[in-house]
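A.B. asks: This is the structure I want to talk about, given as structure tokens.
The values are calculated or read from the model by the stated rules, or taken from the named source; none is laboratory data. Note that this is a predicted model, so its numbers are computed, not measured. For neighbour counting, all protein chains shown are included, and Cβ atoms are generated from backbone atoms with ideal geometry for every residue, glycine included.
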Amino acid sequence: MILTGEQRASADKFCEIVLRSAEAGTLRNVVLSAPSDGDLLKIKGVLRVIRGNRVLQVEKFYTEGRVAQENLPLEEIPAYVLSCFTAPFRRADLNDAAGSASLMMSQKGRVTAVIPGTLKNALSSSVSDSIRTSAVLFSGNNREKNRLLKGDEPFLIQLGISDKNGRVHDKKQSKFRQICRFSELVMEQIDRLPKEGTLYVADLCCGKSYLSFAVYHCLRYIANRDVEMVCMDLKKSVIDYCADTARALGYDGMQFICGDIADYRPSRAPDMVVSLHACDIATDIVLDFAAQWRAAVILSTPCCQRELSTKLECASLDFIASRPILRKKFCDAATDSLRLLRLECMGYTADALEFIDPEDTPKNIMLRAVRRSKYDPEAKAILQKREEYRTVYRFLTGEDPKPFAD
């Protein structure tokens, strides 16, 4: 659809205010929704700093659960928002630190931009001060400073990420960015968790539990929810250290267990299951555990994917498998793709995203899954997806995969 006259004028005003918000560094998100047709459900954009450049990181959400991601330079934002608004979306919403604005199209084609005067005034002054504002948000090492965590949180000081004054140690900057990003991803899932009662969270293969403490802090003290959190690992010395840390912090909702996650039986179905860098098949055990117990949200960052590399038995792929470096990269991607497909077979919408800058860690792929509200293991679509999974697994390994547990 091509906008004309007043339609285009209203849309241009909205697109300009989105650009001002991004340039000022106060944009929280911009969302395009209410599609008129097609399989694209929603587009959400947030500000990010990637390799030193400020961009609008855009996520596209599709009907079949797929999520695609791209990064836009700031100057391309107006044209992008305008093109998406005309096809296929009929609504756009800006969420800025100073307020909100909307762009809407009625069934009859009338276009209305709702931009409060307070937001206009804030951003008109912010544009002239954008260099100053940006210096606050993006200065120093060119990494984004407008984070959920500031560095002075008690758990960061207790864990040695920050000093007693709340300054993040230079050698811990990478770990701090990792903790911040994981915390943001957890908070993005709040609406998918139960609205009332105590949240039950499991961190399996928790290790030194940097992220366990971050998750607990975010849910308990930022989201203001009661939280029961179980953290599990095989190393007793690590579990003892973490338990002592939780006591020192007064985090009485955290429990640390030394044991094998394959033997773990929770007191009830967890609302959220997280894991960071669980090695090789430990990630598969975590994902199957979470799916079998019907966890509402799963956030998992794999560490390594060795099993498929040892099992890969497919003559059609010898042109890849015969080259060790490419074999490893292929098996990494194929393993995580199979994991996502398996989760979809068990009633989840699942996708992969870049968790953190690869300069901080090459193990930067996160698998994110959200349980569908309606799931029937005997539904035709699920049965077809399960057969697809079995076919791909047999093609790669020559073996049958382990069965699904419903």
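A.B. asks: Filter the stretch 242-295 for residues that are over 20 Å from residue 219 (Cα atoms), over 25 Å from the mean Cα position of the chain (by Cα) and outside any loop (DSSP other than H, G, I, E, B) and give the result.
C.D. replies: Across the stretch 242-295, the qualifying residues are 244, 257, 258, 262, 263.
A.B. asks: Only residues that are surrounded by fewer than 18 Cβ atoms within 10 Å (Cβ to Cβ) and either among the polar types (S, T, N, Q) or assigned by TED's automatic domain parsing to the domain that holds residue 66 (or both): list them for the stretch 301-350, please.
C.D. replies: 310, 316, 322, 337
A.B. asks: Within the stretch 62-117, how many residues are of a type in the set (Phe, Trp, Tyr), under 24 Å from the mean Cα position of the chain (by Cα) and at pLDDT below 85? Walk me through it before giving the result.
C.D. replies: From the stretch 62-117, those of a type in the set (Phe, Trp, Tyr) are 62, 80, 85, 89; that's our starting set.
Subsequent filtering for residues that are under 24 Å from the mean Cα position of the chain (by Cα) retains 62, 80, 89.
Cutting the leftovers down to at pLDDT below 85 gives us 62.
Residues in the stretch 62-117 being of a type in the set (Phe, Trp, Tyr), under 24 Å from the mean Cα position of the chain (by Cα) and at pLDDT below 85: 1 in total.
A.B. asks: Now, a different point. Can residue 122 be described as at pLDDT below 80, assigned by TED's automatic domain parsing to the domain that holds residue 19, within 15 Å of residue 27 (Cβ to Cβ) and surrounded by 14 or more Cβ atoms within 10 Å (Cβ to Cβ)? Walk me through it before giving the result.
C.D. replies: Working: at pLDDT below 80: yes; assigned by TED's automatic domain parsing to the domain that holds residue 19: yes; within 15 Å of residue 27 (Cβ to Cβ): yes; surrounded by 14 or more Cβ atoms within 10 Å (Cβ to Cβ): yes.
For residue 122, the condition - at pLDDT below 80, assigned by TED's automatic domain parsing to the domain that holds residue 19, within 15 Å of residue 27 (Cβ to Cβ) and surrounded by 14 or more Cβ atoms within 10 Å (Cβ to Cβ) - is met.
A.B. asks: Could we say that residue 298 is crowded, with 16+ Cβ neighbours inside 10 Å and under 25 Å from the mean Cα position of the chain (by Cα) here? Explain how you work it out, then say what you get.
C.D. replies: Working: crowded, with 16+ Cβ neighbours inside 10 Å: yes; under 25 Å from the mean Cα position of the chain (by Cα): yes.
Considered against the rule, which asks whether it is crowded, with 16+ Cβ neighbours inside 10 Å and under 25 Å from the mean Cα position of the chain (by Cα), residue 298 comes out as yes.
A.B. asks: Also: Looking at the stretch 210-229 only, could you name the residues that are within 19 Å of the chain's Cα centre (by Cα) and either outside any helix (DSSP H, G or I) or on the phi > 0 side of the Ramachandran plot (or both)? Show your work before the answer.
C.D. replies: First, the residues of the stretch 210-229 that are within 19 Å of the chain's Cα centre (by Cα): 210-219, 222-223.
Of everything in the stretch 210-229, just one residue is within 19 Å of the chain's Cα centre (by Cα) and either outside any helix (DSSP H, G or I) or on the phi > 0 side of the Ramachandran plot (or both), namely 223.
A.B. asks: Mind checking which residues of the stretch 34-91 are surrounded by 15 or more Cβ atoms within 10 Å (Cβ to Cβ) and part of a helix (DSSP H, G or I)?
C.D. replies: 74, 77, 78, 80, 81, 82, 84, 85, 86
A.B. asks: Taking the condition out of contact with any His (no Cβ under 7 Å at 6 or more places or on another chain) and over 22 Å from residue 8 (Cβ atoms), does residue 98 pass?
C.D. replies: Details: out of contact with any His (no Cβ under 7 Å at 6 or more places or on another chain): yes; over 22 Å from residue 8 (Cβ atoms): yes.
Answer is yes for this residue.
A.B. asks: A follow-up question, please. Being within 20 Å of residue 289 (Cβ to Cβ) and not basic (Lys, Arg) is the filter; apply it to the stretch 383-406 and report the residue that is modelled with the lowest pLDDT. Show your work before the answer.
C.D. replies: To start, the set of residues in the stretch 383-406 that are within 20 Å of residue 289 (Cβ to Cβ) comprises 386, 389, 393, 401-406.
Right, trim to not basic (Lys, Arg) and you get 389, 393, 401, 403-406.
Values: 389: 93, 393: 92, 401: 90, 403: 87, 404: 85, 405: 75, 406: 68.
Result: 406.
A.B. asks: Could you list, ordered by first residue, the pairs with Cβ atoms under 8 Å in which the first is in the stretch 294-313 and within 8 Å of residue 331 (Cβ to Cβ) and the second is modelled with pLDDT of 85 or more and among the charged types (D, E, K, R), at least 6 apart or interchain?
C.D. replies: 305/332; 305/336; 309/327; 309/328; 312/327
A.B. asks: Quick one: which of 346, 366 is modelled with pLDDT of 90 or more and closer than 24 Å to residue 272 by Cβ?
C.D. replies: Values: 366 fails: modelled with pLDDT of 90 or more.
Only one candidate qualifies: 346.
Yes or no, residue by residue, for (1) out of contact with any Leu (no Cβ under 9 Å at 6 or more places or on another chain); (2) modelled with pLDDT under 90; (3) part of a helix (DSSP H, G or I):
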residue	(1), (2), (3)
177	yes, yes, yes
191	yes, yes, yes
194	yes, no, no
200	yes, no, no
208	no, yes, no
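A.B. asks: Follow-up. Can you find a residue that is under 14 Å from residue 214 (Cα atoms), touching a residue at least 12 places away in the same chain (Cβ under 8 Å) and surrounded by 15 or more Cβ atoms within 10 Å (Cβ to Cβ) anywhere in the stretch 253-266? Even if it seems obvious, please write down each step before you answer.
C.D. replies: Narrowing the stretch 253-266 to residues under 14 Å from residue 214 (Cα atoms): 253-254.
When the remaining residues are screened for being touching a residue at least 12 places away in the same chain (Cβ under 8 Å), the result is 253-254.
Okay, now just the ones that are also surrounded by 15 or more Cβ atoms within 10 Å (Cβ to Cβ), so 253-254.
Yes, because at least one residue in the stretch 253-266 is under 14 Å from residue 214 (Cα atoms), touching a residue at least 12 places away in the same chain (Cβ under 8 Å) and surrounded by 15 or more Cβ atoms within 10 Å (Cβ to Cβ).
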